[in-house]
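The values are calculated or read from the model by the stated rules, or taken from the named source; none is laboratory data. Being a predicted model, the structure only gives us computed values, none of them experimental. Cβ placement follows ideal geometry from the backbone for every residue including glycine, while neighbour counts extend to all protein chains displayed. For the accessible areas, the whole protein counts, side chains as well, though only heavy atoms, and no ligand, DNA or RNA atoms are used. Shrake-Rupley method; radii C 1.70, N 1.55, O 1.52, S 1.80 Å.
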Amino acid sequence: MYNRQDPCPSGRYWRVKRGDTLFNIAIRTATTVNRLLEFNPDVIPSNLRINSLICLPPEQPCSSGVYWEVAAGDTLYEIAKNTNTTVKKLLELNPNIDPNNLQIGQNICLPG
C-alpha cells in the first residue's frame, strides 16, 4: 500500500478492491508481483486493505499502440490467429503476461 511521503514515481495507482491480490493486480496492469513490491516495499501481500492505493510501475509502451482487450474464452493462440501473428511474437511484445491465465479486460499489445 502506497503510504510514503513521496508521490508515486509513475503517478499511476491501483485502488485495492475486495478479492484483489498482488498477482491479479500485476496481471491486470501488465507488470509482475516483484515490480509491484519494488514500488511498494511496505506492502504485505497477504494483507491488502480494501481502498488502499498500490503504486504501479511505469507502463511499458506498446510500440504499435494497438491492443487486444481479452474477452471471455480468449486464448493467446486465438488472439494470434485472429490478428495474423504468432504466439511467440505476442509473448515477445507482452513479456509479463501468463499465456495460461489471461484475464478478461487485460490488454495485449499487438504488432504494428
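Kindly write out, for region 70-83 in residue order, the coupling ³J(HN,Hα) from the Karplus curve 6.51 cos²θ - 1.76 cosθ + 1.60 (θ = phi - 60°), rounded to whole Hz, with x marking Gly and Pro.
5, 10, 3, x, 5, 10, 4, 4, 5, 4, 4, 4, 6, 10
How about K88: which aspartates and glutamates have a C-alpha closer than 15 Å to its C-alpha, ignoring those fewer than 8 places off in the same chain?
E78, D98
Rounded to the nearest 0.05, what FRET efficiency do S63 and N24 have when you use their Cβ-Cβ distance and R0 = 25 Å?
0.45
From the list (i) 13.6; (ii) 15.0; (iii) 15.8, can you say which value of Kirkwood radius over Cα pairs in Å was derived from the structure given?
Comparing each candidate, only (ii) matches the computed number.
How many nm separate the modelled label positions at L91 and I104, each set 7 Å beyond the Cα in the direction of the Cβ?
2.7 nm
Using modelled amide H (1.01 Å from N, peptide plane; none on Pro or chain starts), what sits under 5 Å from the amide H of R12, excluding residues fewer than 5 places away?
When sequence neighbours closer than 5 places are left aside, the close amide H contacts are L56.
Tell me which of N82, P57, Y67 sits at the most positive position along the dipole axis of the chain, charges placed on C-beta atoms (Lys, Arg +1; Asp, Glu -1).
Positive-end residue among those listed: P57.
Where Lys and Arg each count +1 and Asp and Glu each count -1, what net charge lies around L48 among other residues with Cβ under 13 Å from its Cβ?
After counting each charged neighbour, the total is +2.
How much mean residue ellipticity at 222 nm does the chain get from its helices, if each DSSP H run of length 4 or more adds -39500 (n - 2.57) and you divide by all residues, to the nearest 500 deg cm²/dmol?
-6000 deg cm²/dmol, from helical runs alone.
Carbon and sulfur together cover what percent of the accessible area of the chain at a 1.4 Å probe radius?
Of the solvent-accessible surface of the chain, carbon and sulfur hold 49 percent.
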